[in-house]
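Each reported figure results from applying straightforward, stated rules to the coordinates on display, with no laboratory input. As the structure is a computational prediction, the values presented were derived from the model and not from experiment. Methodologically, a virtual Cβ is constructed for each residue, glycine included, from the backbone with ideal geometry; neighbour enumeration extends over all protein chains shown.
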2 protein chains.
Amino acid sequence: MKGRRVFILRLDHRPKRDKRATTHLFLAARALGADGGFYSGEKDEKIQKSVEKVTEAWGGDFKVSYVTDWKRKIMEWKAEGGEVVHLTMYGLPLQHVIGRIRSIQGDLLVVVGGPKVSGSVYKLADWNVSVTSQPHSEISALALFLHELFEGRELSISFKDARIIIVPQKRGKKVLRLDLQGRE
Amino acid sequence: MKGRRVFILRLDHRPKRDKRATTHLFLAARALGADGGFYSGEKDEKIQKSVEKVTEAWGGDFKVSYVTDWKRKIMEWKAEGGEVVHLTMYGLPLQHVIGRIRSIQGDLLVVVGGPKVSGSVYKLADWNVSVTSQPHSEISALALFLHELFEGRELSISFKDARIIIVPQKRGKKVLRLDLQGRE
């Protein structure tokens, strides 16, 4: 599906308030084709473990790691030829800029702010992108961004080394559980 | 944009655990073109108030109300000619069924489960739809469902009677605040 890689950087994580939101953000990123995630703010091993457990069971190699200095992470990303997309309700409409963002060759770092994003994020980002200019959720914004970036192909990803595979059903649940050797 | 109306029914809300997730779910529903929301589980006026405050400031008429009996709500919906879509990781892939769901004339009730969805939801739903068969978030699942249902037109909705309007910017923030009479 890609040569270019896509990572998420979640700013200003606060374990108490954000535990579920940040975990869900990263699970959405993984399910929708991103390659991995970073977060700044307070270190929270539970987040990393929750995501790791999902990756172990459901496949792929999506991982989350902590960064102490988000500004440095962004600067390094750009220094290595990557580009930085900041999702913000104040930015340019997704539907107007996604064509140009799709054509970027370098790796993408998608920055998702906390409630009080420093003004310097807007300046450091190559792209400030809004998914509607309405208040909603960083999870829905990221989902629509990735969906548009990958043009819907992310809906059909097969995750390698999955131990749990769902077989889609009109009604009810069908789940395959594979043992470590990949036999059912 | 529509004749058909789209409402969200969030099952089994628990205020302690779900406060932010349910609020964000409804805010995403509103921002992405749904007409209103219902929830079951524990009554939680904070949810309704949070969403009301957003609607008052940002426009439109999206409202959330509590239902004591979700099963009855679903039965009534169907009795009145509406159809019911249940978002579940076990259902049929979004990309395979969305064309047929788009062509439904009746109102749609989009059911979003709690962690332990009763088996009867699968039976009552006209459509069990998966947005990937991977674990992620009800917020990302709903966002992609609405985006595909409305074919991207929801990204450009103008909300009527908005007091706050964002003017998209390449960098920084531009916000118009209107007084009650709609003058700047």
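At a glance:
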{"read-out": "Average other protein chain Cβ within 10 Å of Cβ, residues B:124-135", "value": "6"}
{"read-out": "Simple Cβ-charge dipole of the range B:12-157, Lys/Arg +1 and Asp/Glu -1, about Cα centre, in debye nearest 20", "value": "480"}
{"read-out": "Cross-link pairs beyond the 24 Å C-alpha cut-off, checked among B:K16/B:K174; B:K43/B:K116; A:K19/A:K116", "value": "B:K16/B:K174"}
{"read-out": "For the range A:29-116, with +1 on Lys and Arg beta carbons and -1 on Asp and Glu, the positive-most of A:L92, A:S50, A:G37 along the dipole", "value": "A:L92"}
{"read-out": "Inter-part distance where the range A:1-66 and the range B:70-144 are each reduced to a Cα centre, Å", "value": "26"}
{"read-out": "Ranking of B:T132, B:T55, A:T68 by count of other Cβ atoms within 10 Å, fewest first", "value": "A:T68, B:T55, B:T132"}
{"read-out": "Proximal lysines to B:K78, defined as alpha-carbon separation beneath 16 angstrom and excluding residues fewer than eight positions away on the same chain", "value": "B:K123"}
{"read-out": "Most positive-pole-ward Cα, A:P15, B:S65, A:I101, against dipole of the protein assembly as shown from beta carbon charges", "value": "A:P15"}
{"read-out": "Unit charges on C-beta of K, R, D, E only; dipole of the protein assembly as shown, Debye", "value": "480"}
{"read-out": "Per-residue average of Cβ from other chains inside 10 Å of B:88-99", "value": "4"}
{"read-out": "Hydrodynamic radius (Kirkwood) for the range A:1-92, which is based on Cα pairs only, to one decimal in Å", "value": "13.9"}
{"read-out": "For B:D161, label point 7 Å along C-beta direction: distances to other copies, nm", "value": "5.5"}
{"read-out": "Two-site FRET efficiency, A:E52 against B:L178, from Cβ-Cβ distance with R₀ of 56 Å, rounded to 0.05", "value": "0.75"}
{"read-out": "Cα shape, the protein assembly as shown, gyration tensor, a/c 1.5 rule", "value": "oblate"}
{"read-out": "Relative contact order %, the range B:1-101, counting alpha carbon pairs below 8 Å whose residues are six or more apart", "value": "24"}
{"read-out": "Proximal aspartates and glutamates relative to A:K49, as straight alpha-carbon distance under 16 Å, when same-chain residues fewer than 8 apart are discounted", "value": "A:D18, A:D61"}
{"read-out": "Cα-based shape type of the range B:56-166, given that a ≥ b ≥ c are square roots of the gyration tensor eigenvalues and the cut on a/c is 1.5", "value": "prolate"}
{"read-out": "Lys, Arg +1 and Asp, Glu -1 on Cβ, resulting dipole of the range B:49-111 about Cα centre, debye, nearest 20", "value": "180"}
{"read-out": "Mean separation of Cα contacts under 8 Å (6+ apart) over length of chain A, as relative contact order %", "value": "26"}
{"read-out": "For residues of A:17-27, the mean tally of beta carbons on other chains within 10 Å", "value": "3"}
